[in-house]
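Structure first, then comments.
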Amino acid sequence: MATDPKHLSLDFAKGTLVPSTSTTRTLKDLQDFFADTQTAQAVLKSGSNPIIYEVFESLQPPDPGNLDIGTTILYPGRIGSEFYMTKGHYHIKEDSSEIYVGLAGDGVILLQSRSGNPRWIRMGAGDIVVVPHKWGHRAVNVGQGRLIFFFIYPAEAGHDYESIQKQGFSKLVVEKNNTFEVVDNPRFTRKG
Ligand code: M6P
Ligand code: ZN
C-alpha cells in the first residue's frame with residue numbers, strides 16, 4: 001500500500017521531533033543493563049528513578065522499504081563508574097543496518113558482533129555512525145551535557161533486547177580520571 005509523504009520538524013538543539021511519539025526510559029527500565037546492579041538497586045531503593053534517555057520516533061508500518069526515523073536524547077550521568085547508556089539491541093531482521101547522525105554532546109557508540117567482537121566510535125555533533133547489519137549497538141553519553149542524535153533504520157528491523165539483557169556487551173564504557181575508558185565486561189559470556 002502506498003504511504004503518504006510526510007513532513008516533520010527537528011529541533012537540532014533540543015532533539016525534539018514533531019510530530020512523533022515519545023518514550024522515556026528510566027533507571028527502573030535499565031536496571032538489568034547496567035553492570036553495577038548493586039548501585040542501580042541502591043539508587044532505586046533511595047526513592048530516585050532518574051530519566052536515562054528519551055526517544056522521539058516517527059514509525060512507519062513495518063513493510064519492506066519503509067524507514068523509521070527519530071531522535072534520542074541521552075542524559076549525562078553514571079551508575080557506579082558506568083556512563084548512562086541506551087539498552088542496546090540487535091535487529092531481529094538481521095539484514096537491517098542503521099545510521100546515526102550526532103547533533104549535540106559527546107558520545108560513544110558501542111558495537112559488537114553476535115560473537116562479542118567489539119568496536120566503539122566517538123560521536124558528537126556532525127559525526128555520522130554507520131551501524132552495519134548484524135552489529136549490536138548501544139549509545140553511551142560520556143560528556144557533561146545531553147547527547148542528542150538522529151537515527152534512521154528499516155521499519156521492519158525489530159529490536160532484540162533479550163540477547164543484550166542476557167549476555168550484555170563485551171565492553172563497558174566507564175569513567176576514569178575525568179575521561180572515559182572502554183573496559184572488558186567481566187560478566188560477558190562469549191558465544192560461538
Ligand atoms: C537509537 C535507535 C533507536 C533506539 C534508541 C534507544 O536512537 O537505535 O532504534 O530505540 O536508540 O536505544 P534502545 O532501543 O537500544 O534502548
Ligand atoms: Zn537499531
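Every number in this text was worked out from the coordinates using simple rules, so none of it is lab data. Treat the numbers as computed from the prediction; the structure is a model and nothing was measured. Please note: Cβ atoms are built from the backbone with ideal geometry, for glycine as well, and neighbour counts cover all protein chains shown.
Pairs of alpha-carbon atoms within less than 8 angstrom and 6+ residues apart define the contacts here; what relative contact order does the range 75-142 have, in percent?
Contact order relative to length: 44 percent.
Could you tell me what fraction of 2.2 N^0.38 Å the Cα radius of gyration of the range 61-104 comes to, as a two-decimal ratio?
Values: Rg = 14.2 Å, N = 44, 2.2 N^0.38 = 9.3 Å.
This ratio for the range 61-104 stands at 1.53.
Counting other C-beta atoms within 10 Å, and keeping those with at most 16, which DSSP coil trypsin sites (Lys or Arg not before Pro) do you find in the range 123-192? Write down the numbers at each step before the final one.
Working: sites: Lys134, Arg138, Arg146, Lys166, Lys171, Lys176, Arg187, Arg190, Lys191; in loops: Lys134, Arg146, Arg187, Arg190, Lys191.
For trypsin sites (Lys or Arg not before Pro) across the range 123-192 that sit outside H, G, I, E and B with at most 16 neighbouring Cβ atoms in 10 Å, the list reads Lys134, Arg187, Arg190, Lys191.
If you average 1/r over all unlike Cα pairs in the chain and invert the result, what Kirkwood radius do you get in angstrom? Mind dumping the intermediate values first?
Working: mean 1/r = 0.0586 Å⁻¹.
Taking the inverse mean of 1/r over all distinct Cα pairs, the chain comes out at 17.1 Å.
Treat the count of other C-beta atoms within 10 Å as a stand-in for reagent exposure and order Phe180, Phe188 from fewest to most. Write out the running numbers ahead of the final one.
On the way: Phe180 21, Phe188 17.
Ranked by crowding around the Cβ, least crowded first: Phe188, Phe180.
Determine one quarter of the surface area of the Cα convex hull of the range 66-145, which equals its mean projected area, and express it in nm² to one decimal.
Numbers: hull surface 22.5 nm².
Spelled out: convex hull of the Cα atoms, projected over all directions, averaged, 5.6 nm².
Which order do His91, His159, His7 fall in if you start with the one that has the fewest other Cβ atoms within 10 Å?
Values: His91 22, His159 13, His7 6.
So the ranking, lowest neighbour count to highest, is His7, His159, His91.
Calculated from DSSP H runs of 4 or more alone, at -39500 (n - 2.57) each and per residue, what is the 222 nm mean residue ellipticity of the chain, nearest 500? Write down the numbers at each step before the final one.
On the way: 3 runs with 19 residues, N = 192.
My calculation for the chain gives -2500 deg cm²/dmol from helical runs alone.
State which entries of Lys87/Lys166; Lys28/Lys176; Lys93/Lys171; Lys87/Lys134; Lys14/Lys171 exceed 22 angstrom in Cα-Cα distance in the structure shown. Before the final figure, lay out the partial values.
Working: Lys87/Lys166 12 Å; Lys28/Lys176 25 Å; Lys93/Lys171 24 Å; Lys87/Lys134 17 Å; Lys14/Lys171 29 Å.
Exceeds cut-off: Lys28/Lys176; Lys93/Lys171; Lys14/Lys171.
Just need the Rg to Rh number for the range 20-127, please, alpha carbons only, Kirkwood Rh.
Details: Rg = 15.4 Å, Rh = 15.7 Å.
Result for the range 20-127 is an Rg/Rh of 0.98.
Can you tell me the mean projection area, over all orientations, of the convex hull of the range 12-69's alpha carbons? Units nm², please. If you can, show how the numbers build up before the last one.
Details: hull surface 24.1 nm².
Average projection, Cα convex hull of the range 12-69: 6.0 nm².
So, by mean Cβ neighbours within 10 angstrom, what's the order for 13-19, 149-155 with the highest one leading?
On the way: 13-19: 14.7, 149-155: 19.9.
Peptide ranking by packing, descending: 149-155, 13-19.
If I model a spin label as a point 7 Å beyond the Cα along the Cα-Cβ vector, how far apart are those points for Ser48 and Lys166 in nm?
Calculated label separation equals 3.4 nm.
Fully extended, how many nm does the chain gain between Ile121 and Ile92 (0.36 nm per residue separation, minus their Cα-Cα distance)?
On the way: separation 29, 0.36 × 29 = 10.44 nm, distance 2.26 nm.
Full-extension gain reported as 8.2 nm.
Taking Cα pairs under 8 Å and at least six residues apart, what relative contact order does the range 1-90 come out at, in percent? Could the numbers behind the result be given before it?
On the way: 118 pairs, mean separation 24.7, N = 90.
Relative CO of the range 1-90 lands at 27 percent.
Averaging over all projection directions, find the projected area of the Cα convex hull of the range 121-177 and quote it in nm² with one decimal place.
Details: hull surface 21.4 nm².
Taking a quarter of the hull surface, the average projection is 5.3 nm².
Share of antiparallel DSSP beta bridges in the range 1-142, in percent to the nearest 5?
Working: 35 of 35 bridges.
About 100 percent, rounded to the nearest 5.
What is the Cα centroid distance between the range 125-168 and the range 24-52, reported in whole angstrom?
20
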